[in-house]
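Below is one structure, written out as structure tokens; comments come after it.
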Amino acid sequence: MGEGRGISVGIRVIRLDEVDSTNDYAKKIARKVPEGTVVLAKRQTAGRGRKGRRWESPEGGLWMSVILKPQRVDPRLVFVGALAVVDTLSEFGLSPGIKWPNDVWVAGRKIAGILTEGRAGEYTVLGIGLNVNNPTPPELQGDAVSMLELIGTPLPLDRVLERLLFHLNAWYKVFKERPELMMAKVRERTFILGRTVKIIQDYNVLIGRAVDVLDDGSLLLDIDGQLRRILYGDVSLRFF
Ligand code: ADP
């Protein structure tokens, strides 16, 4: 991968036919492998979204986790994944946007999800699930979409992976050196701004207009004229 020389994401790719979850596998080996190691599986039998929600991962999609060892745990690492997916999809002629905090959508449907998990001071696992050639779950018809469905022809998975690794490297570098530049791009690519959204935080539900994504990664919500900062965490966002 010419463009990837000298940088670390994808320095080593562990390819598995099947695994429960690439994030779980990555967490088990994280301490023993160099930063940038990628775990890639053809299928996940127990792919997860946040809060243990199921992520459907049949063969044909890109199911992977990157082991990162940043100086400190930073919730904004999720945006390294989201921006890399956005840039990759753009190269394939699609018009993706970030649905804060951790999904990528195209044409009103979810095409990718990002899940970061880690252990403070040790590692962060950046999990990415991207629907490429796989069928999307029938129960999510209308909510989920794949590259195949949008482009009309199957894509070489390794080519998509190569572009994704390239963009992950680029954005990880920006994150480390100029995080505010990365956040400017996140703001530009976030399609929810200006829209009324519902934020679900455990037992708490907030409805307001999404105004901005701040440099710390939080979402600024206007609730009847009162501004409130929503921290990235285990919150879900729905359109209202
Ligand atoms: P959210 O934040 O939208 O609640 P998560 O990030 O927790 O979602 O991801 C899990 C959810 O994503 C599932 O509950 C399901 O609705 C959806 N989902 C599961 N598999 C896929 C898939 N392959 N493509 C798109 N969406 C999916």
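Readers should treat all values here as calculations from the given coordinates under stated rules, not as data from a laboratory. If you're wondering where the values come from, they're calculated on a predicted model, not measured in any experiment. All Cβ positions, even for glycine, are placed from backbone atoms using ideal geometry, and neighbour counts span all protein chains on display.
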Q: Jot down the per residue volume, in cubic angstrom and as a whole number, of the convex hull over the alpha-carbon atoms of the range 55-99.
A: 112 Å³
Q. Taking the Cα atoms of the range 143-240 alone, what are Rg (to one decimal) and Dmax (as a whole number) in Å?
A. 16.9, 48
Q.
Let me check I've understood the local charge: for Thr116, count other residues with C-beta under 11 angstrom from its C-beta, Lys and Arg +1, Asp and Glu -1. What total comes out?
A. 0
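A 24 angstrom limit on the alpha carbon distance is what I want to check against. Which of Lys69/Lys173; Lys28/Lys51; Lys110/Lys173; Lys32/Lys99; Lys27/Lys173; Lys28/Lys110 exceed it?
Details: Lys69/Lys173 13 Å; Lys28/Lys51 19 Å; Lys110/Lys173 26 Å; Lys32/Lys99 34 Å; Lys27/Lys173 22 Å; Lys28/Lys110 29 Å.
The answer is Lys110/Lys173; Lys32/Lys99; Lys28/Lys110.
Please compute the alpha carbon radius of gyration of the range 87-152, then divide it by the globular-protein estimate 2.2 N^0.38 Å. Two decimals is fine. Spell out each step's value before the answer.
Numbers: Rg = 13.3 Å, N = 66, 2.2 N^0.38 = 10.8 Å.
Compared with the compact-globule rule of thumb, the range 87-152 sits at 1.23.
How much mean residue ellipticity at 222 nm does the chain get from its helices, if each DSSP H run of length 4 or more adds -39500 (n - 2.57) and you divide by all residues, to the nearest 500 deg cm²/dmol?
Working: 5 runs with 60 residues, N = 240.
Helix-only estimate at 222 nm: -8000 deg cm²/dmol.
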(Q) If every alpha-carbon in the range 34-85 counts as one equal scatterer, what log10 I(q)/I(0) does Debye give at q = 0.19 1/Å? (A) -0.82
**Q.** Per principal axis, descending, Cα span of the range 130-172 in whole Å
**A.** 35, 21, 12
Q: Calculate the all-directions average of the projected area of the range 80-190's alpha-carbon convex hull, and give it in nm².
A: 7.4 nm²
**Q.** Rounded FRET efficiency, nearest 0.05, which uses the C-beta distance separating Asp202 from Asp143 and R0 of 35 Å
**A.** 0.95
Q: Over all alpha-carbon pairs of the chain, lay out the pair-distance distribution in 5 Å bins, whole %, shortest bin first.
A: 1, 7, 14, 19, 20, 18, 12, 6, 2, 1, 0
**Q.** For the range 175-240 and the range 72-123, distance of Cα centres in Å
**A.** 14 Å
Q. If you stretched the chain out fully between Ala107 and Asp234, how much longer would it get, using 0.36 nm times the residue separation minus the C-alpha to C-alpha distance?
A. 43.2 nm
Q: Sort the range 6-46 into rounded, prolate or oblate with this rule: let a ≥ b ≥ c be the square roots of the eigenvalues of the Cα gyration tensor; rounded if a/c is under 1.5, and if a/c is not under 1.5, prolate when a/b is larger than b/c, oblate otherwise.
A: oblate
